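Below you'll find the structure, written out as structure tokens, and then a few comments.
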Amino acid sequence: MNSKYIIDIQQIRSQFPALNQSVYNKPLVYFDNGATTQKPQMVIERLKSWYEQENSNIHRGVHYLSQQGTIAFENARKTVADFVNAQYQHEIIFTKGTTDSINLLASSLGNLLVHDGDSVLVTGMEHHSNFVPWQQLCIEKKATFHVTEITDQGEIDLANYQLHLEKKPKIVAIAHISNVLGTINPIAEMIELAHKYAIPVVIDGAQAIAHQHIDVQSLDCDFYAFSGHKMYAPMGVGVLYGKEKWLNSMRPYQFGGEMVSQVSEQETTFNELPFKFEAGTPNVGAVLGLESAIKFLQDIGIENVKKYENELMHYALKRLSEIENLRLIGNPAHRAGVISFVIDEIHPYDLGMIMDKLGMAIRTGHHCAQPVMHHFGIPGTLRISFALYNTFDEIDSFVEALKKAILMLS
Amino acid sequence: MNSKYIIDIQQIRSQFPALNQSVYNKPLVYFDNGATTQKPQMVIERLKSWYEQENSNIHRGVHYLSQQGTIAFENARKTVADFVNAQYQHEIIFTKGTTDSINLLASSLGNLLVHDGDSVLVTGMEHHSNFVPWQQLCIEKKATFHVTEITDQGEIDLANYQLHLEKKPKIVAIAHISNVLGTINPIAEMIELAHKYAIPVVIDGAQAIAHQHIDVQSLDCDFYAFSGHKMYAPMGVGVLYGKEKWLNSMRPYQFGGEMVSQVSEQETTFNELPFKFEAGTPNVGAVLGLESAIKFLQDIGIENVKKYENELMHYALKRLSEIENLRLIGNPAHRAGVISFVIDEIHPYDLGMIMDKLGMAIRTGHHCAQPVMHHFGIPGTLRISFALYNTFDEIDSFVEALKKAILMLS
Amino acid sequence: MTIEQTQNQIVEEFSLFDDWMDKYNYLIEMGKDCPMIETQYKSNNYLINGCQSRVWLHTTFDGGIIHFRADSDAVITKGIVNLLIRVFDGHTPAEILTADTTFLDKIGLKEHLSPTRSNGLLSMVKQMKLYAQVFQLKSTQNHE
Amino acid sequence: MTIEQTQNQIVEEFSLFDDWMDKYNYLIEMGKDCPMIETQYKSNNYLINGCQSRVWLHTTFDGGIIHFRADSDAVITKGIVNLLIRVFDGHTPAEILTADTTFLDKIGLKEHLSPTRSNGLLSMVKQMKLYAQVFQLKSTQNHE
Ligand SMILES: Cc1ncc(COP(=O)(O)O)c(C=O)c1O
Ligand SMILES: Cc1ncc(COP(=O)(O)O)c(C=O)c1O
């Protein structure tokens, strides 16, 4: 494949040191981007320069380094707010990742809204991080936990969703993009439906944020959660966007440090947004790395990324269709570059083992989404997931390796 | 001062790039180590090499990078376990910091032990992070929140502590070293006393971990919490040590990802220790950075660090005693290199502003310990806090600057 | 003098200083002279709670003109308080609402109004503008 | 043959292979022939749940000797299961308790017993040792 793409892929790849390596003497093909992406040089450099020149604890420090750090940190918050088009900067809460963001919500929003006899609604294609916190909340509150059915194509059954909404759950939680099936859910429509019943909607954007433009105001979602490490940023930082009115009415999740305003033995008053939800020393370095990652994405243009990854995805689907006994798990009408499949009569783990030896970094297993596995009656899948630095050549190598592995295992 | 010390201070300083800078054209004197320490080159390099060569998501991934990452991560856990002499590796839980560790406990241990009518005991010299979570737990559970009195020397009033123990609180939480007063609390003795009543003890080790040898087994504490960023490691990683028996009986704090074993719509079973308490993608890079920081400390020898910092502290106290109208806040018999003071008639903020212009990175304010400020009836203090790279010359410069600032403000 | 004229005057005064020391000495002097607020107004009702220093602000509205009196427990903060009062005191709500605080940038003291300082000054300026808004509304209602 | 002899034999067999492909082909072959467990034992009671693959282990104790039968749903795991059974089956509790699994290191397949694999194999070995312990206890009690 040598046609001209919207982005200069070799130039981009050269910015990712981790891509330029061999495993078992085979060139690494990194198709595990749904788990975590590699980091461009500018993100790594940002971390490094923070620790080499700027490092200090921020907020409340009067000295120079602390002041500069605070300014940099709050500028990063603004960058994130602009990136997802939040109305206010203080609607951006820094967390340690998507899981942390959603657990914050299950606790703080859960305590606000969910009581004995109420219910919460999720979908049958959630990652455990957007499933178990809500399930456990329901157990704790003696509320009912409802799960919207999914179709055999791997799409949300919208009629079933509508039926569930009529039972007026207190909170609805939905993945923007499924980490197993690749399904891009019609969240704008689903949010609008939920809002007809005045139900707030939590979107798990972990798999979407690096792959398409997110506009929280036009989506009108109440909350949007994502992880830095899945969008070219360092580990240890995530984001929770929340509408001001919700965040203001929720109680803090963690206590201590910056989130406190006045403390006496009897009582504590809390700081304003966003600090109210950011207890303890924040991960400043990683937040600045996240800002760099956003700039990196914006330089390339997220629409270009989307187009390019879309071409990769279609090419991969075409090439995979050559392979006998290959069954895609999930075949939704709108899909992203996350592709799961099984090969009849061959266990995903066996294939994964052989593919690894052939230099292919792919994922096998249930992908922390056991309810999806139950739906399709399988123990696990093989999953490939793309980032903007993947190439058509890599897909070719992957398909060759897959054929070889299948041959070995048949 | 030119006598010979146990450690080669110039050699050590050369490993900290951030120390080698000027602010406002004055050489930086970094005395804000209680807030966060600077990072040695080997820690920064570890972060960099993780992201440049090794980065991947760990646990459950079958491919090479993921396997190697998992092994490195679990080795780091072993390094931490050995560093604090935990009995088992799985007693080490990685969190995002001390505040996160203590909030985990206030939730999981709190839910296990504290009910309507019970009480929890802390001390009057706690950082908000080891005060507010317990206070809020008590409010939520309709339990009583007790605070052990401190003396005017800035020590825990042990008679008062004993009286409080007799009321049989369900949990006792104590700072190992006060972040304002520098007091080294007699925690071994206090733990033993609490254990007479079979009460578990939580130690906030944030200010101790980088400055003296910690042996959780000989202390016999039930929990010990600390932050990486205060011990030369990156931000975004902390540790909660807990005795196996407690960790096993506590419910998880957050849900999702690796901490889950089996999930169905109806119920979820949880993974074993330590994974049960580590929901979501861990901050692998920072954990490896923490491992490097520990190796850095071990190379120098934590006993040498303690001796050296002790000399710094005594020298600073001596030099500060030259200054008229200077009042130490806290004058405990056993103290660490954290020194708070006020100058009569001069507001700490004013002094901090001028000291900043003179290149001194020191902290002013209430240091997230308002109960301590209430005790001493002051709005805040100036605080200097040492790390192993500080020098006697820096103390001299500091004292000169302080004299100048006082002159300006008198 | 208009608000702008006062601002320009302050900028000129500060242009005489060569270094930060002189500037801060001047601020400190001003902090010491600052027209103190009457003791009864130095209470929690008038308190603007910065985390590092505290500011008290008392406001009166008389004959279409707003008068501000303020104080702080920290002398450098008080110096800036003094400058802000000099600039905003004795003006109409409309004048105050359209005015900015760029003079602080020009004299290199902008950092004191940074949200990261938490010295109460940024909140004080917000509070002054809010009063101006309230008084403006009040006076238009009175005229209806 | 002693446990050590079997281990040495396996190491020798594997020394014939030049590369990982041959090694894995052999494992796969073995996985295919592995003495299957009786269907009734392929149930949850005998299941060792790895996250990636599943292993069933059935154990009997007869005349001082332990017999192991096992299976896995993944063929490579099954190949390793086969090797482990070959090594440990038909020995006394004491022999099993003192034995190690270093042969897997020597043939370069140690990674399969890593806790990070979560393929059920490490748990299987632990389980075998646990059985040996239980049976040892039982037989000493019988002799008392
Ligand atoms: C859809 C989805 N939600 C949530 C998560 C959890 O993200 P993290 O592990 O960064 O908290 C993931 C990551 O695998 C995901 O794919
Ligand atoms: C005694 C003490 N406890 C807890 C903390 C909170 O640590 P972190 O902000 O890393 O969570 C600090 C940090 O200032 C501290 O000094």
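The values are calculated or read from the model by the stated rules, or taken from the named source; none is laboratory data. Every value quoted in this text rests on a predicted model; they were computed, and no experiment measured them. Cβ coordinates were reconstructed from backbone atoms using ideal geometry, including for glycine residues, and neighbour counts include every protein chain displayed.
Some observations on this one:
- Identity of the residue in region A:276-285, within 13 Å of ligand 2 (Cβ to nearest atom) and within 20 Å of A:G110 (Cα to Cα), that ends up surrounded by the fewest Cβ atoms within 10 Å (Cβ to Cβ): A:E278
- Restricting B:L320, B:L351 to residues that are of a type in the set (A, V, I, L, M), away from chain C (no Cβ under 14 Å) and away from ligand 1 (no atom under 16 Å from the Cβ) narrows the list to B:L320.
- Some residue of region A:357-367 being away from chain D (no Cβ under 12 Å) and among the polar types (S, T, N, Q): no
- In region A:263-273, the condition of being within 16 Å of ligand 1 (Cβ to nearest atom) and more than 10 Å from every other protein chain (Cβ to nearest Cβ) is met by no residue.
- Region B:161-187 - residue that is of a type in the set (V, I, T) and not in a loop (DSSP other than H, G, I, E, B) and, of those, nearest to ligand 2 (Cβ to nearest atom): B:I177
Let's see how each residue does on (1) assigned by TED's automatic domain parsing to the domain that holds A:L382; (2) within 27 Å of the chain's Cα centre (by Cα):
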position: A:A18; (1), (2): yes, yes
position: A:T37; (1), (2): no, yes
position: A:S56; (1), (2): no, no
position: A:N75; (1), (2): no, yes
position: A:F83; (1), (2): no, yes
position: A:Y88; (1), (2): no, yes
position: A:T95; (1), (2): no, yes
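- Counting only residues that are assigned to a loop (DSSP other than H, G, I, E, B), more than 21 Å from B:K196 (Cα to Cα) and either modelled with pLDDT under 95 or more than 16 Å from ligand 1 (Cβ to nearest atom) (or both), region B:217-256 holds 8 of them.
- Region B:193-207, subset assigned to a loop (DSSP other than H, G, I, E, B) and surrounded by fewer than 17 Cβ atoms within 10 Å (Cβ to Cβ), residue nearest to ligand 1 (Cβ to nearest atom): B:A198
- Residues in region B:69-100 that are within 14 Å of chain A (Cβ to nearest Cβ) and more than 25 Å from B:N55 (Cα to Cα): 2 in all.
- Residues of region A:301-351 that turn out to be crowded, with 19+ Cβ neighbours inside 10 Å and assigned to a helix (DSSP H, G or I), as a count: 10
- Within region A:355-381, the only residue that satisfies the criterion of being crowded, with 23+ Cβ neighbours inside 10 Å, more than 16 Å from ligand 1 (Cβ to nearest atom) and not in a helix (DSSP H, G or I) is A:M360.
- Count of region B:1-24 residues which are free of Cβ contacts under 8 Å to residues at least 12 places away in the same chain and more than 10 Å from chain A (Cβ to nearest Cβ): 7
- Checklist (1) more than 14 Å from every other protein chain (Cβ to nearest Cβ); (2) away from ligand 2 (no atom under 16 Å from the Cβ); (3) in a helix (DSSP H, G or I) applied to B:M190, failing item: (2)
- Residues located in region D:113-131, provided they are surrounded by 20 or more Cβ atoms within 10 Å (Cβ to Cβ), out of contact with any strand residue (DSSP E or B) (no Cβ under 6 Å at 6 or more places or on another chain) and not β-branched (V, I, T): D:R117, D:S118, D:N119, D:L121, D:M128
- Leading residue by the ranking (nearest to the other protein chains (Cβ to nearest Cβ)) among those in region B:38-62 that are on the phi < 0 side of the Ramachandran plot and modelled with pLDDT under 95: B:V62
- Taking region B:50-146 as the region of interest, the helices (runs of 4 or more DSSP H) fully inside it that hold 3 or more residues being within 16 Å of ligand 1 (Cβ to nearest atom) are B:64-83.
- Residue in region B:161-176 that is farthest from ligand 1 (Cβ to nearest atom), counting only those that are within 14 Å of another protein chain (Cβ to nearest Cβ) and under 23 Å from the mean Cα position of the chain (by Cα): B:A175
- Residue check, A:N111 more than 16 Å from the chain's Cα centre (by Cα) and surrounded by 20 or more Cβ atoms within 10 Å (Cβ to Cβ): no
- Filter result for A:V342 (within 16 Å of ligand 1 (Cβ to nearest atom), modelled with pLDDT of 95 or more and either at negative phi or within 14 Å of another protein chain (Cβ to nearest Cβ) (or both)): no
- Only one of A:Q136, A:Q207 that is within 14 Å of chain B (Cβ to nearest Cβ) and without any contact (Cβ under 8 Å) to a residue 40 or more places away in the chain: A:Q136
- Filtered residues of region B:220-266 (kept if within 16 Å of ligand 2 (Cβ to nearest atom) and farther than 21 Å from B:V287 by Cα): B:C221
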